[in-house]
Amino acid sequence: MAFLPLETPRLILRRFRDDDLEPFLAYRNHPDVARYQSWLQWTREQGIDFLREQRNVSPETLGRWFQYALELKGTNELIGDCGTCLKAETLRTSEVGFSLAPEHQGKGLATEAVSRIVDHTFRELEVQRMIAVAIRANVRSASLLTRLGFRPGRPEKIWFKGNWREEVRFSLRREDWLALHPD
């Protein structure tokens with residue numbers, strides 16, 4: 001299947017381009033963005049490698065993360081990314097994750113992007129279940145997922161960035177999404 005960008009009222013969800021490197025590194029290395037993510041710091045070389053690797057992946061690639069670049073309509077500014085990964089070990093299941101530049105948080109843009117990706121994944125890729133994982137202290141991400149219909153599981157203790165933290169796995173079934181969004 002050929003990759004086609006997705007759109008929302010305010011965003012274009014597209015492939016990353018080479019000229020995305022600087023804004024990508026800026027928001028990914030911001031302490032407020034990295035705090036609840038698996039990485040500590042992105043080097044320039046890691047960013048270049050990441051952008052290069054994303055050229056060879058699509059949302060349909062089994063077992064590999066595909067990151068949509070979130071471009072703000074009108075300004076063409078890269079403001080974040082939202083990734084999906086079709087799970088190789090659990091058929092018809094996909095995981096979703098997201099990162100947004102701090103100056104664009106709290107405006108509903110992440111909700112808009114994740115909602116569009118969830119809808120596309122359920123309708124076009126015929127996935128039956130989507131999951132998302134969040135550190136329990138990341139209240140804003142948990143709230144976003146809950147608003148979209150994801151249900152939280154039981155928190156589990158994990159070793160995260162040198163401390164024990166609670167991680168919550170959220171889940172959403174295709175039939176529940178389609179019942180809420182019939183069109």
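What the table below lists for this structure:
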read-out: Positive-pole candidate from Gly47, Pro9, Ala179, dipole of the chain, charges at beta carbon; value: Ala179
read-out: Net charge over other residues, Cβ less than 11 angstrom from the Cβ of Leu40 (K, R count +1; D, E count -1); value: +3
read-out: Radius 10 Å from Cβ of Gly63, net charge of other residues (Lys, Arg +1; Asp, Glu -1); value: +1
read-out: Stokes-Einstein translational diffusion, region 13-120 - Kirkwood Rh over all Cα pairs, 1.306 mPa s, 10 °C, in µm²/s; value: 111 µm²/s
read-out: Gain in span if fully extended, Thr146 to Trp164, counting 0.36 nm per residue against the direct Cα distance; value: 4.1 nm
read-out: Highest-fluctuation residue, Phe66, Phe50, Phe98 considered, GNM on the chain with Cα pairs under 10 Å; value: Phe50
read-out: Inter-label distance for His104 and His30, nm, one decimal - labels placed 7 Å from Cα along Cα-to-Cβ; value: 0.9 nm
read-out: Selection from Trp164, Leu62, Leu21, by position along the positive dipole direction of the chain (Cβ); value: Trp164
read-out: Distance from region 75-126 to region 1-35 (C-alpha centre basis), Å; value: 10 Å
read-out: Proximal lysines relative to Lys73, as straight alpha-carbon distance under 26 Å, when same-chain residues fewer than 8 apart are discounted; value: Lys107
read-out: Contour minus Cα-Cα distance for Arg52 and Ala2 (0.36 nm per residue); value: 16.2 nm
read-out: Residue order, fewest to most surrounding Cβ atoms within 10 angstrom, among Arg154, Arg64, Arg35; value: Arg154, Arg35, Arg64
read-out: Value of relative contact order over region 8-180, rounded to a whole percent, pairs C-alpha under 8 Å and six or more apart; value: 18 percent
read-out: Computed helical MRE - 222 nm, the chain, DSSP H runs ≥ 4 contributing -39500 (n - 2.57), nearest 500; value: -8500 deg cm²/dmol
read-out: Rounded D (µm²/s) - the chain, Kirkwood Rh over Cα pairs, Stokes-Einstein at 25 °C, 0.890 mPa s; value: 146 µm²/s
read-out: Rounded to the nearest 20 debye, dipole of the chain from Cβ charges on Lys, Arg, Asp, Glu; value: 600 debye
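Bear in mind that the values in this text are calculations on the coordinates, not laboratory data. Fair warning: this is a prediction, and the values are worked out from it, not measured in the lab. With ideal geometry, Cβ positions are generated from the backbone for all residues, glycine too; neighbour counts draw on all protein chains shown.
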